[in-house]
Amino acid sequence: MLEIHQKLTIIGVIFLAITLLINYYHQTDHPSVGFNYAYIPGIIMLVSFAISFVMFTKDRIKE
């Protein structure tokens, strides 16, 4: 069974892939549009990685 921080890391990797795909689509098909929707999954990815890192570090400090 995976720990919570491992699940968050996997979720972060999935959102990384989504971010890259949306950004690639935006750059190739809509380069003149002002807002890039890749920011939304990118922020979710960063939050997921940050929470995972804090949980992992907190668990290791306790040991």
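Every read-out reported here was derived from the displayed coordinates using simple, explicitly stated rules and does not represent laboratory data. Computed from a predicted structure; not experimentally measured. Glycine also receives a Cβ, built like all others from the backbone with ideal geometry; neighbour counts cover every protein chain displayed.
State to the nearest 20 debye the size of the charge dipole of the chain about its Cα centre, where the only charges are +1 on K and R beta carbons and -1 on D and E beta carbons. Kindly include the intermediate steps, with their values, before the conclusion.
Values: 4 positive and 4 negative charges, 37 e Å.
It comes to approximately 180 debye.
Axis of helix 39-62 versus longest Cα principal axis of the chain: the two differ by about 10°, to the nearest ten degrees.
Normalised by 2.2 N^0.38 Å, where N is the number of residues, the alpha-carbon radius of gyration of the chain equals 1.42. To the nearest 10 degrees, how steep is helix 4-29 against the longest Cα principal axis of the chain, on a 0 to 90 scale? The answer is roughly 10 degrees. If R0 is taken as 22 Å, the Cβ-Cβ distance between residue 57 and residue 18 corresponds to a FRET efficiency of 0.30.
On the basis of the beta-carbon distance and an R0 of 25 Å, residue 6 and residue 37 show a calculated FRET efficiency of 0.35.
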